[in-house]
1. With region B:1-97 as the region, which helices (runs of 4 or more DSSP H) entirely inside it contain at least 3 residues that are at the interface with chain A (Cβ under 7 Å from one of its Cβ atoms) and at pLDDT 85 or above?
2. Using beta carbons and a limit of 7 Å, which pairs, at least six apart or on different chains, have the first residue in region B:107-126 and part of a helix (DSSP H, G or I) and the second one β-branched (V, I, T) and modelled with pLDDT of 95 or more?
3. Would you kindly identify the helices (runs of 4 or more DSSP H) lying entirely within region A:83-158 that contain at least 3 residues that are touching a helix residue (DSSP H, G or I) at 6+ places or on another chain (Cβ under 8 Å) and closer than 30 Å to A:L280 by Cβ?
4. For A:A430, are the conditions met, namely being under 27 Å from A:T64 (Cα atoms) and surrounded by fewer than 22 Cβ atoms within 10 Å (Cβ to Cβ)?
5. Residues to consider are A:L290, A:L356, A:L343; find the one that is more than 13 Å from A:L110 (Cβ to Cβ) and either aliphatic (A, V, I, L, M) or within 14 Å of another protein chain (Cβ to nearest Cβ) (or both).
6. So which of B:K111, B:K85 is surrounded by 14 or more Cβ atoms within 10 Å (Cβ to Cβ) and either among the basic types (K, R) or in contact with a Cys (Cβ under 7 Å, 6 or more places away or on another chain) (or both)?
7. Can you work out which of the residues in region A:355-410 that are among the small types (G, A, S) and under 13 Å from A:V73 (Cβ atoms) is nearest to the chain's Cα centre (by Cα)?
8. Only one residue in A:I69, A:I91, A:I59 is within 14 Å of chain B (Cβ to nearest Cβ) and of a type in the set (A, V, I, L, M, F, W, C). Which one?
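The values are calculated or read from the model by the stated rules, or taken from the named source; none is laboratory data. This is a predicted model, so every value here is computed, not measured. Here the Cβ positions follow ideal geometry from the backbone for every residue, glycine too, while neighbour counts run over all protein chains shown.
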Amino acid sequence: MGTAASAGQQEKISLLKVLGPVHVWALGVGIVLVGEYMGWNFSVAKGGAYGSLIACWVIGLLYTCVAMIDSEVTSTVAAAGGQYTQAKHIIGPLMAFNVGLYLVMAYTMLEAADALVVGDLLKAVAQQYGAELDPRPFVVLTIAFLAWMNYRGVFMTLTVNFVITAFAFIAILVLFFHATGLTDGHSVLLHRELLVDLPYGWIGVLASLQFGMWYYLGIEGTCQAAEEVRSAGRSIPMGTMGGMMTLLIAASLTWYICTGIIPWEYLGQATTPLYDAARLMGSVELEVMLFIGTMFAAIASANGCINDASRAWFSMSRDRYMPHWFGAVHPRYRTPYRSILFLIPIAVSFAFTGLLDQVITFSILSGLLGYTFMSFNIVRFRRLWPLGSIERGYVHPYHPIPCIVLGVLCAATYFATYLGYGTSLLSIMAFYILVSIWFVVRRYPFVKRGEQFTMPWPRPKGY
Amino acid sequence: MSRNVYKPPVQKGFGQFIDAMVVLALVYLSLLAPLLLGGTAAESAATEHKAAPTWEELKQNDVMKAQWEKLGHTPETAEPIVTKKFSYEVEPLSLGITIAVIVGYFIFMLKMSDREYREVINERFGPKAGKGD
């Protein structure tokens, strides 16, 4: 089972094509919706409540560009690994290796943060009722249970994700209706008294772009399902753009509720702001609903992250960018089981480092590097294979405006990260530089050159 | 179709294990580096306050005060949260280094990727001068 030969035989077993647009939506929104339940509010600390709202919309524009570009490339390069496989076919092996690592790091670190939220929330609720609770067993249990589901099969995993993500989204809508008085005619929102001017001026608004990413981080994960959907040309654009619309609504409602009921300084450091908002409304039913919503959002996110990180690691291993042993598919469940199992202890150890802000910054920056890649990837994709030269599942409109906007917003977000997290930014860049050199020197000799190009396309223009 | 096909060496299990560990070690190092270098997220610092504060001193109006109290806070417990502020001073040298690192990283990546991509394409489609696909 563990020999190279058996791994070679197993890799010929392909992943199952069982998913539809609903599963793509559940994968994308499932990963991200936890961002409305925790994390987005750190943008309030960096730029104030209005700064956070501006960041929500500006970064929403960044992600709309990401979704447009990604839908075109992914519906054409329909293979596991998503952006990694795109980079392999369009830019080259070193870029692909880096993009694969962006995905693995962004999702594994996000998964660790999700599991921590589950543990911390249980601990906080236990404290409310006078009990002491060690959250660590719950962190391990959550990751282990989700990994088991992922091990057993993608269809069940993403069907569960659809149900719990839908519940978490509905919980935000219910909270909004109660807060605004649409149900009983009595609004509890106090924006006039709680909102203040920009505490740091416009530079604070710029700085808040960093955590504004948390509203949407991971929506591009829909691409990881490309090899397992029945119709990539239909399901990926539909699921991704539908997911983006869901998130824009959820993000705006979340901001509106929380800033109307929680003082901005508290909001800027809260671990579970939506749950806190429900507590302040004084309704036990709402409190319970938001407790379940927060749990479900974190679980759905961790679930999607395990799915995506393992597929990226699996794809890299299948191509020998990483050790080939991880590139095996389970003979019965048809899942990348070795990659799933390998990443469990890593996610747990990230969760136990106690460096949550570092872990989150690593996740955000890895995502940002991936979006920067997308801005020049689409330009090159259109240049190497102009429209009409290959069959595309979807062609995004207004090219090159989305990629220019994306590039400019990525640059602004690097600057936002520099403001307050400059050392973290440099240390994470140092990681990617060192690991790139390591790939060129150590791993690339193991890569079979011609096998990196698997799409049935003509020779790229200019090569 | 007589193309020069590159035959990579077969990697043994121990080598594969070492390679996976190297990547992990680098990840942990970069997570810990900001702590070791003394510049973490705590690049924001709380301001000093001597006496026990009041809600008015913390610039909280009556509505804010009521919400803080519902959340279980007193002026003493709220003070470190309220007075913690970010410092957004831009140092030209550190900003220049950061820009150079990011731009340099992408330039290195694109140059190196292009060289490797040509090997991939030449092996997959044959040398450029030959019959095109």
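1. B:13-37, B:62-70
2. B:M112/A:V440; B:S113/A:I91; B:Y117/A:I91
3. The helices (runs of 4 or more DSSP H) meeting that bar are A:93-128, A:136-152.
4. In short, no.
5. Working: A:L356 fails: more than 13 Å from A:L110 (Cβ to Cβ); A:L343 fails: more than 13 Å from A:L110 (Cβ to Cβ).
The conditions single out A:L290.
6. On the way: B:K111 fails: surrounded by 14 or more Cβ atoms within 10 Å (Cβ to Cβ).
Of the residues listed, the single one that is surrounded by 14 or more Cβ atoms within 10 Å (Cβ to Cβ) and either among the basic types (K, R) or in contact with a Cys (Cβ under 7 Å, 6 or more places away or on another chain) (or both) is B:K85.
7. Checked region A:355-410; the qualifying residue nearest to the chain's Cα centre (by Cα) is A:G370.
8. Working: A:I69 fails: within 14 Å of chain B (Cβ to nearest Cβ); A:I59 fails: within 14 Å of chain B (Cβ to nearest Cβ).
One residue alone meets the criteria, A:I91.
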